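Contents: one structure, followed by commentary.
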């Protein structure tokens, strides 16, 4: 149970939930409640499918490309740290108003840009690949998958109540929570990088 909850929390903050909420609110401002629900369902389902592919085929990808897990840890950790810095310095306001939605003739916003790259961004992809490769036994893999799916379901639940969250917290509150998420992500990034360096050097 400890592994499940710790992995669940890591994935939850990895998806930067309050940034995702702010993006969703901006992208669906002119949609009806029913349209918003359909968008949430498609976005979460797309994110789950993409995450599972990354989770299970990370090791195979490393072997094909000739990349060691530790070198990928260092690269993914650095990328995750840059994403964390962006959340801390910019918050949610600088990102949420610049992404076109369906009303601008773009793609289905549930997949692009909501599922990719808002929920599953470059740094998230790297981190999921690393987590999937680190879990070795079938039990650990099952726990990891359960935690991953649970984190995305919780994120979906937050999107369902995003309007209420906006009314309670406002833009300022969402920015504060987003910056706190960035701080947690920076610590996770440091842990991934240091683990990669330690194992790479054989310390």
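Each reported figure results from applying straightforward, stated rules to the coordinates on display, with no laboratory input. The structure displayed is predicted, hence computed values, not measured ones. Positions of Cβ are generated from backbone atoms using ideal geometry, with glycine treated the same way; all protein chains shown enter the neighbour counts.
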Checklist entry - How would you order 137-143, 40-46 from highest to lowest mean count of nearby Cβ atoms within 10 Å? => result 40-46, 137-143
Item to check | Cα centroid separation - segment 165-203 against segment 1-79, whole Å | outcome: 14 Å
Checklist entry - Rounded to the nearest 0.05, what FRET efficiency do residue 1 and residue 191 have when you use their Cβ-Cβ distance and R0 = 22 Å? => result 0.55
Checklist entry - For the Cα atoms of the chain, what angle does the longest principal axis make with the long axis of helix 69-90, in degrees from 0 to 90, nearest 10? => result 30 degrees
Checklist entry - To the nearest 500 deg cm²/dmol, what mean residue ellipticity at 222 nm is calculated for the chain from DSSP H runs of n ≥ 4 alone, each contributing -39,500 (n - 2.57), summed and divided by the residues? => result -27000 deg cm²/dmol
Checklist entry - Roughly how tilted is helix 162-201, in degrees to the nearest 10 and between 0 and 90, from the longest Cα axis of the chain? => result 10 degrees
Checklist entry - Sorted by mean Cβ packing within 10 Å, highest first, what order do the peptides 25-35, 11-21 take? => result 11-21, 25-35
Checklist outcome for this item: Rg from C-alpha atoms of the chain, normalised by the globular rule of thumb 2.2 N^0.38 Å, equals 1.03
Checklist entry - So how tilted is helix 17-27 from the main axis of the chain? Cα-based, degrees 0 to 90, rounded to 10. => result 40 degrees
